[in-house]
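To keep things clear, I will list the structure first and then write my remarks on it.
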Amino acid sequence: MEKVGIIGGGLMGTGIAYVVASHIDAETVVVDVAEEILQKSRATCEGLARRAVEKGQAAEADAKGWLQRLRHSTKKTDVQSASFVIEAAPEDLKLKREIFAELDNICGAEAILASNTTGLPITQIAAATRHPERVIGTHFFNPAPVMKLVEIVRGFATSDATIQKTREFCSRLGKESILVEKDYPGFITTRVYNGYLSEALRCLEEGVGSAADIDKACRLAFNHPMGPFETLDLVGLDTCLKVAESLQAAYGERFRPAPLLRQMVSAGRLGRKSRAGFYDYARKEKGA
Ligand SMILES: NC(=O)c1ccc[n+]([C@@H]2O[C@H](COP(=O)([O-])OP(=O)(O)OC[C@H]3O[C@@H](n4cnc5c(N)ncnc54)[C@H](O)[C@@H]3O)[C@@H](O)[C@H]2O)c1
């Protein structure tokens, strides 16, 4: 049986694991550092599968099969025979390089090693391995089971064969893909969208409007399903700050993180994951 490895069972790793298990007949192994994180990841996938059945999107037997294909482990060696491994660990270059160096020693000669990084250079991640030609960026979007796009990123040494196989893999997952030909930090989507988020933060800081009104304005004016603050809360403010910092390091002042974003992270208001961000999720009501 085909095997797919997912490193990191947080927000994105869990969503990607669900997509893999529900689309292809592959043993899907999620690896994280602690059992309780893996239990939460499994419970999230069980909830997603249950809802798919309730909505009539899947037969009960199929959903049961998806969950049976999902495995959870605290050992990276359990992805040893995987043909495809997707890393979804925190947005930290040093950590990702360590993980890739480890995977390079564990995985077989044909395995494709992909990073779900939002904007870190694939070339630098790949340089931690002896096979940079098999390292690639696969940037899924949140929530992974819903969002159609995967931004595929070519590192400096990524081979055409790796790109081709990755595009085929994404299409088997029911995703559309685009190819980022040059490995510039932030790729396409993160670079463009960060400018938009940053300007929304500055509007709020300057008192131009409330978070709720800026969100409403952007939803209705641009036909976006969510406003910038709803998106920041969904993605996680800590992740957004790390992304903004890495863009600033690459491109300079124009990507300087808004002070409000830094303050919110220091205060522990990380968005939905901490039940408070621009909106309050503990009281299930909106309005920061
Ligand atoms: N949050 C989003 O909306 C979003 C969207 C697209 C891409 N991304 C990117 O996806 C990646 C993951 O983001 P996330 O939001 O899922 O983060 P997260 O914090 O929810 O999950 C990261 C997981 O990685 C685990 N982890 C840490 N070190 C590890 C290690 N050495 N080995 C295995 N697991 C380890 C953590 O325990 C955690 O469960 C980041 O690179 C992020 O930039 C995030």
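Sequence-distant or interchain residues sharing an amide H contact under 5 Å with TYR281, placed H: which?
Amide H neighbours of TYR281: ALA276.
Taking amide H atoms as placed 1.01 Å from N in the peptide plane, list the residues 5 or more away in sequence, or in a different chain, whose amide H sits under 5 Å from that of GLU87.
Residues meeting the criterion, in which the H sits 1.01 Å from N, are ILE7, ALA114, SER115, ASN116.
Please provide three numbers in whole Å: the alpha-carbon extents of the stretch 187-267 along the principal axes, with the largest listed first.
The Cα atoms of the stretch 187-267 stretch 33, 29, 21 Å along the principal axes, largest first.
Using alpha carbon centroids, what distance separates the stretch 90-141 and the stretch 222-254, in Å?
22
Label points 7 Å out from Cα along the Cβ direction at TYR184 and ALA221: separation in nm?
Once both label points are built, they end up 2.5 nm from each other.
DSSP beta bridges in the chain, what fraction antiparallel, as a percent rounded to 5?
If I count the DSSP bridges inside the chain, around 20 percent turn out antiparallel.
Using each residue's phi in the stretch 193-201, evaluate 6.51 cos²θ - 1.76 cosθ + 1.60 at θ = phi - 60° and report the 3J(HN,Hα) Karplus result to the nearest Hz, with x for Gly and Pro.
3J(HN,Hα) across the stretch 193-201, in whole Hz: 6, 5, x, 5, 4, 5, 5, 5, 4.
How about the stretch 81-113: which GluC sites (Glu not before Pro) there lie in a loop by DSSP and see at most 13 other Cβ atoms within 10 Å?
GLU110
Any chance you could check the Cα centroid distance between the stretch 50-70 and the stretch 170-219 for me, in angstrom?
32
Which longest run of the chain has no exposed loop site in it, a site being trypsin sites (Lys or Arg not before Pro) in a DSSP loop with at most 15 other beta carbons within 10 Å, and the site itself not part of the run?
183-274
Determine which lysines satisfy two conditions relative to LYS94: a Cα distance under 18 Å, and not lying fewer than 8 residues away in the same chain.
Those lysines meeting the cut-off are LYS76, LYS242.
What residues have an amide H closer than 5 Å to that of VAL150, excluding those fewer than 5 places away on the same chain, when H is modeled at 1.01 Å from N in the peptide plane?
The answer is GLU176, SER177, ILE178.
Using a probe radius of 1.4 Å on heavy atoms only, what accessible surface per residue do you get for the chain? Whole Å² is fine.
Working: 13970 Å² over 288 residues.
Per residue, the chain has 49 Å² of solvent-accessible surface.
In deg cm²/dmol and to the nearest 500, what is the mean residue ellipticity at 222 nm of the chain if only DSSP H runs of at least 4 residues count, each as -39500 (n - 2.57), divided by the residue total?
-14500 deg cm²/dmol
Computing the accessible area with a 1.4 Å probe over protein heavy atoms, can you report the carbon and sulfur percentage for the chain?
Roughly 53 percent of what the probe reaches on the chain is carbon or sulfur.
Measuring from label point to label point, each 7 Å out along Cα→Cβ, what is the ALA282 to GLN248 span in nm?
2.8
Read phi for every residue in the stretch 17-28 and hand back ³J(HN,Hα) as whole Hz from Karplus 6.51 cos²θ - 1.76 cosθ + 1.60, θ = phi - 60°, with x for Gly and Pro.
Karplus-based 3J(HN,Hα) across the stretch 17-28 equals 4, 5, 4, 4, 4, 8, 10, 10, 7, 10, 5, 10 Hz.
For the stretch 84-95, what does the Karplus curve 6.51 cos²θ - 1.76 cosθ + 1.60, with θ = phi - 60°, yield as ³J(HN,Hα) per residue in whole Hz, taken in order and with x for Gly and Pro?
9, 10, 10, 8, 9, 8, x, 6, 9, 4, 4, 4
Report the local net charge at SER198: Lys and Arg +1, Asp and Glu -1, summed over other residues whose C-beta lies under 10 Å from its C-beta. Write down the numbers at each step before the final one.
Details: positive: ARG202, ARG254, ARG256; negative: GLU199.
Local net charge: +2.
Given the stretch 115-209, what percent of its DSSP beta bridges are antiparallel, to the nearest 5?
Around 40 percent antiparallel, to the nearest 5.
Counting Lys +1, Arg +1, Asp -1, Glu -1, what net charge surrounds VAL31 among other residues with beta carbon under 10 Å of its beta carbon?
Numbers: positive: ARG71, LYS75, LYS76; negative: ASP32, ASP78, GLU87.
Overall, the nearby charge balance is 0.
Loop sites only, by DSSP: take the chymotrypsin sites (Phe, Trp or Tyr not before Pro) in the chain that have at most 15 other C-beta atoms within 10 Å and name the longest stretch containing none of them.
Longest run free of exposed loop sites: 1-155.
For ARG202 paired with LYS75, estimate the spin-label separation in nm (one decimal), with each label point 7 Å from Cα along the Cα-to-Cβ line.
Spacing of the two 7 Å Cα→Cβ label points: 5.2 nm.
Checking a compactness column here: for the chain, what do you get for Rg(Cα) / (2.2 N^0.38 Å), N being the number of residues?
On the way: Rg = 19.0 Å, N = 288, 2.2 N^0.38 = 18.9 Å.
Compactness ratio reported: 1.00.
Toward the positive end of the charge dipole of the stretch 15-66, about the Cα centre and with charges on Cβ (Lys, Arg +1; Asp, Glu -1), which of LEU38, ALA17, LEU48 goes farthest?
Value computed over the given set: LEU48.
Could you size up the charge dipole of the stretch 139-288 around its Cα centre, putting +1 on the beta carbon of Lys and Arg and -1 on that of Asp and Glu, and report it in debye to the nearest 20?
Working: 22 positive and 18 negative charges, 78 e Å.
Dipole of the stretch 139-288, to the nearest 20 debye: 380 debye.
Does the stretch 14-62 come out rounded, prolate or oblate by the C-alpha gyration tensor, with a ≥ b ≥ c the root eigenvalues, rounded set by a/c under 1.5 and, if not, prolate when a/b is larger than b/c and oblate if not?
Because a/c hits 1.5 or more and a/b fails to exceed b/c, the stretch 14-62 counts as oblate.
The values are calculated or read from the model by the stated rules, or taken from the named source; none is laboratory data. Note that the coordinates shown come from a computational prediction; the quantities given were computed from them, not determined experimentally. Cβ: placed from backbone, ideal geometry, glycine included. Neighbour counts: every protein chain shown. Each accessible area value is taken on the protein alone, full model and side chains, heavy atoms only, with ligands, DNA and RNA left out. Shrake-Rupley method; radii C 1.70, N 1.55, O 1.52, S 1.80 Å.
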